[in-house]
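I have placed the structure first, in the form of structure tokens, so that the comments after it can refer back to it.
The values are calculated or read from the model by the stated rules, or taken from the named source; none is laboratory data. Treat the numbers as computed from the prediction; the structure is a model and nothing was measured. Using ideal geometry, Cβ is built from the backbone for each residue, glycine included, and neighbour counts are taken over all protein chains shown.
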Amino acid sequence: MHGRPRNALKEEDTAALSAKAEKLRSLQSHFLANHHNRIYTKEALEGNAKLLENNPEWHTAWNYRKLAVESFLSDSHSDPETVKSILDEELRVVENALRKNFKSYGAWYHRKWVLSKGHSSIDKELRLLDAFQKADPRNFHAWNYRRFVAALMKRPDEDELKYTEEVIGANFSNYSAWHNRSILLSNLLKRKAEGYFPKENVLEGEFELVHNAIFTDPDDQSGWFYHLWLIDQTVKIDAPLLVSSWPSHGFNITLQGNKCLHGSGLSVINSTLPNTGTLPIILYFNQAVEGVNSSTVNVKSELLSGNLVWKPLSTNNSNNAQVWVAYLDIRNLEVQLSKTYVVEISLGHSKGIVSSSGYDYGHPSRVTFELCIQTAYTEPVEQQEGKSNSWKDDDFQKFDHLQESEPICSADQVTSEIDHIPTTSGRCEEAVVNEINQFRDLLSEIDCKIGKLTLARLLTAVDSLPSSRANNMVNTEEILQLYDDLMRLDPTHYLYYKDEHSLVLLRQITSSRDSLLPYCHYKKNAIEAFAGYVCLRLQNLSLSRMGSIENLLWVQTLDLSHNQLRSIEGLEAMQLLSCLNLSHNKLGSFTALGPLRLLKSLKVLNISYNEIGSHSIDTRRYLCSSPLSHTEEFAWDQFEIFAGSIGISAATFWEPFLIFQSLNLTELDIKGNPVADENFRSFLVKVLPTLKWLDEEDLS
Amino acid sequence: MGELVTDKHVKYILSVEKRKDDFESVVMEHLRMNGAYWGLTALDLMGKLDVVDVNEVVSWVMSCQHDSGGFGGNVGHDPHILYTLSAVQVLALFDKMDLIDADKVTNYIVGLQNEDGSFSGDMWGEVDTRFSYIAICCLSIIHRLDKINVEKAVKYIISCKNMDGGFGCTPGGESHAGQIFCCVGALALTGSLDLVNKDLLGWWLCERQVKSGGLNGRPEKLPDVCYSWWVLSSLIMIDRVHWISREKLIKFILDCQDKEKGGISDRPDDAVDVFHTYFGVAGLSLLEYPGLKPIDPAYALPVDVVNRIFFKK
């Protein structure tokens, strides 16, 4: 019961209600008898109408009327007068029912159904709606019906747009009207209707309209989402584009057979190479795309013996992904040692790469890199390691400076060297700058959350415009400050602002080689096999969310420990990653580790001191492929091989089984999670036959 | 705010079942199947499903099934997809899935899919994304999802996506938390959540939390306990539930209890009903409130029931 007070009923009310109940029950039983016996007399229909006035949500009662109407219509011999009177009667019954309950799905649908029978007086519908919509301007059934009637009448979008303007003019606090406006305007912009092209002309006026709402009462949410949508309409690029790749454009990479992958000076270990002898090539787009294959991506190189096979890096086994990978096999090639091979990748010259909203790849792009193989590939030999990998601070040393040749790339490198980055129009930038000024004015008058949040978003947008790349990131400090303020101002949504704060911080850190330098370490006194590789240490930064992964594709060792990460969404793009430290975070389930399943090179994983096993509700359950979402069959055969021997059931172990079964770890640290008891450790040893170290304990 | 008065809620739910002649019960008669699902799931979450006479409930549920395969809201009422899901869910709760003629139910649902991928609620053709969720959830529970055109079903749901990242009943319809649950749930069950703009929708959803701690279903509307389910489950499915205050919402739900007679209402001091009692308890379960069984945000069934459906050989 919505909005009815909990008062105890007085005796006379109880009596009245019980009389009412008895009456209703009798109407119901009569109706059901008539329905089952297909009795459509005048009296039966009147009883039904009375019932519907009391209870318009009863589908069966409306169905009965539909059957009656169909029977009357077939008897009417299509006499227009008779048909009209049959249908008019139905509209009258619906109207009465709606007056009792304006939110009845069944009543509204019956009206639609009657109209579909060929009723002609549609004008009357709009008049009726006007009255209903004045009484309840937010009723979504009425708005839905309005769109239905407008379509039936072929009423121009322009007229309906005008109607929303009238409604908003009467009271801007009407989210339904703003919503309908976004739908109508999208249509008009899409088909470039007269007066609605170019879109910049239209958006300018829309910004003004919504300012009236937001600036009058900044706490009223009605205009918030419309305004955000306008910003998006202003800056977004519809077409898919390449935003980064690995190897990056212009890079020289030296491979030392099965040992190292390095730039001069410092070598970078890649365990992918020794074990599989393949080199991943990663393409990172601005949005999810499909259709990446050997005919849409042209790869030219002497190293290539056949076509590359491109795979989407999707955690739900979709053919749509923002990141795609192909593996260049260098095992069986007769390469000339120390010769430099050029690899040229070009895409966008022919159609086929399409975004999920149907846009074709925007502009032709080209990525060229050089590859030099110093020693030939040999089968890997078992490594003799005396101790497990350490993540202690004392074992790391910061770099003093980074040499040009080191295979570290940052935002300023990954994007600027791809051909033909389209610059958004000057008017777009102008519009964003104008909005920034407007919201600065607002904030000078009143300290409000939507003002600060919108300003932070606008400043982020202007920093991301390709045309402003030269003075990229100039607003970072201000944006971070705004999110800090918001965390204090609106503690209910604290973690929303903190997540945004983390993303901005990561963008800043990965924006240039200089900004990355303080986070790049190498290992002191490391054993030979791990000597001298770059470890990116983003630990202890209070990060609640991971981001800017497009700038981190080169990373092989990543330390994200001592943050507040709940998820590692997007990490699947880091195909070179071999050592990962996630200890002391807030990962709450095994499904949160889903992205790791796509990292074939991952060997060392530390997930100690997280919250795995302490939550009854799993927030990553449907973002990870599994039988629950029909994205993956459960591997019963493999599960049963060892399940019986340690006495575990699929119902309780399917999640860790799903994750670990597809990993090839040699080291795992999982202590400090409620789930990690002895029973679980014995499960891990079974499911991870490659494991040599578990919780720093030597298993051999 | 105190605690959840579990025993009183159990008593209240059982009493509603017995009171067949008061006005409230008569008005609710047409959706008794939904009522059974709400009441029984709430009981199960509170660990008290065993107080119910299983055979009585199950035989009543089965007596609501029609030759078409669909279930009615009550005995002798017309079949509708709304009640078909509730019936299947109730049978799943009691581990009585073997009573379902899966092919018959599948035929009924398959027959309701339209050319554009959408679903009608019954033979009379009302189309709504609620029915898309129901069709997908129901077929998934009986392991027959491959019998419909999933790709088209997903495409239709995406065509109902709005500028705020939310979803409406039909293309162009305004976003509404209940509708968002249906669409996000359907996308979750088909492994298609990558098509949701999680940050945009997450912001819209987290802004449903108002000062009292309760959640509303649309901007500038009053909070209501039922949105503790619709909004919360959606936020969980897209992993953005940490964007709202858990403590404040728990307090709001507990404040809506009738601590004397049991039951939960839409807002503090309003009249209680089974619908809001279920959504209050389910909301608390999603918030990991101690003493309640966890509920699955997409199937709207206890997690152990879902695990039984998919991981019992």
Test: residue B:241 is within 16 Å of residue B:276 (Cβ to Cβ) and of a type in the set (A, V, I, L, M): no
The number of residues in the range A:631-666 that are surrounded by fewer than 18 Cβ atoms within 10 Å (Cβ to Cβ), assigned to a loop (DSSP other than H, G, I, E, B) and touching a residue at least 40 places away in the same chain (Cβ under 8 Å) is 3
Exception for residue A:493 within (1) assigned by TED's automatic domain parsing to the domain that holds residue A:604; (2) without any contact (Cβ under 8 Å) to a residue 40 or more places away in the chain falls at (1)
When the range B:55-85 is checked residue by residue, the ones that are of a type in the set (A, V, I, L, M, F, W, C), assigned to a loop (DSSP other than H, G, I, E, B) and either on the phi > 0 side of the Ramachandran plot or buried (at least 22 other Cβ atoms within 10 Å of the Cβ) (or both) are B:64
In this structure, is residue A:591 buried (at least 23 other Cβ atoms within 10 Å of the Cβ) and more than 24 Å from residue A:540 (Cβ to Cβ)?
-> yes
Filtering strands (runs of 3 or more DSSP E) wholly in the range A:228-288 for at least 1 residues that are at pLDDT below 90 gives A:252-256, A:260-262, A:267-269
Considering the range B:6-23, residues that are under 19 Å from residue B:60 (Cβ atoms) and either in contact with a strand residue (DSSP E or B) (Cβ under 9 Å, 6 or more places away or on another chain) or in a helix (DSSP H, G or I) (or both), and then whichever is farthest from the other protein chains (Cβ to nearest Cβ), we arrive at B:14
So the helices (runs of 4 or more DSSP H) completely within the range B:143-255 holding 2 or more residues that are among the β-branched types (Val, Ile, Thr) and away from chain A (no Cβ under 11 Å) are B:246-255
Turns out the helices (runs of 4 or more DSSP H) fully within the range A:1-102 with at least 2 residues that are within 30 Å of residue B:262 (Cβ to Cβ) and either among the acidic types (Asp, Glu) or touching a residue at least 24 places away in the same chain (Cβ under 8 Å) (or both) are A:11-36
Checklist entry - When you look at residue B:124, is it within 20 Å of residue A:233 (Cβ to Cβ) and within 10 Å of chain A (Cβ to nearest Cβ), yes or no? => result no
Among A:113, A:178, A:108, the single one that is touching a His at 6+ places or on another chain (Cβ under 8 Å) and assigned by TED's automatic domain parsing to the domain that holds residue A:74 is A:108
Filter the range B:39-89 for residues that are under 21 Å from residue B:123 (Cα atoms) and of a type in the set (Phe, Trp, Tyr); the one that is nearest to the other protein chains (Cβ to nearest Cβ) is B:83
In the set A:90, A:53, the lone residue that is touching a Lys or Arg at 6+ places or on another chain (Cβ under 6 Å) and either over 17 Å from residue B:72 (Cβ atoms) or within 14 Å of another protein chain (Cβ to nearest Cβ) (or both) is A:53
Among B:148, B:158, B:142, the single one that is in contact (Cβ under 8 Å) with a residue 24 or more places away in the chain, surrounded by fewer than 23 Cβ atoms within 10 Å (Cβ to Cβ) and under 18 Å from the mean Cα position of the chain (by Cα) is B:142
Note on residue A:182: of the conditions (1) closer than 27 Å to residue A:449 by Cα; (2) hydroxyl-bearing (Ser, Thr, Tyr); (3) modelled with pLDDT under 95, unmet is (3)
When the range B:275-291 is checked residue by residue, the ones that are within 15 Å of the chain's Cα centre (by Cα), of a type in the set (A, V, I, L, M, F, W, C) and either facing another protein chain (nearest Cβ under 10 Å) or assigned to a loop (DSSP other than H, G, I, E, B) (or both) are B:275, B:286
Scanning the range A:184-231 for residues that are free of Cβ contacts under 8 Å to residues at least 24 places away in the same chain and facing chain B (nearest Cβ under 10 Å) gives A:186
Considering the range B:256-271, residues that are at the interface with chain A (Cβ under 7 Å from one of its Cβ atoms) and either within 19 Å of residue B:7 (Cβ to Cβ) or polar (S, T, N, Q) (or both), and then whichever is farthest from the chain's Cα centre (by Cα), we arrive at B:258
Going through the range A:308-365 in order, the residues found to be of a type in the set (S, T, N, Q) and surrounded by 15 or more Cβ atoms within 10 Å (Cβ to Cβ) are A:314, A:315, A:316, A:318, A:320, A:322, A:346, A:355, A:356, A:365
In the range A:536-574, residues that are touching a Phe, Trp or Tyr at 6+ places or on another chain (Cβ under 7 Å) and either of a type outside the set (Val, Ile, Thr) or farther than 22 Å from residue A:327 by Cβ (or both) total 10
Restricting the range A:418-435 to residues that are in a helix (DSSP H, G or I) and surrounded by fewer than 17 Cβ atoms within 10 Å (Cβ to Cβ), the one modelled with the lowest pLDDT turns out to be A:426
If we ask which residues in the range B:292-313 are touching a residue at least 12 places away in the same chain (Cβ under 8 Å), at the interface with another protein chain (Cβ under 7 Å from one of its Cβ atoms) and surrounded by fewer than 18 Cβ atoms within 10 Å (Cβ to Cβ), their number turns out to be 1
Of (1) modelled with pLDDT of 85 or more; (2) part of a loop (DSSP other than H, G, I, E, B), residue A:401 fails just (1)
Every listed condition ((1) assigned to a loop (DSSP other than H, G, I, E, B); (2) at pLDDT 95 or above) holds for residue A:601 save (2)
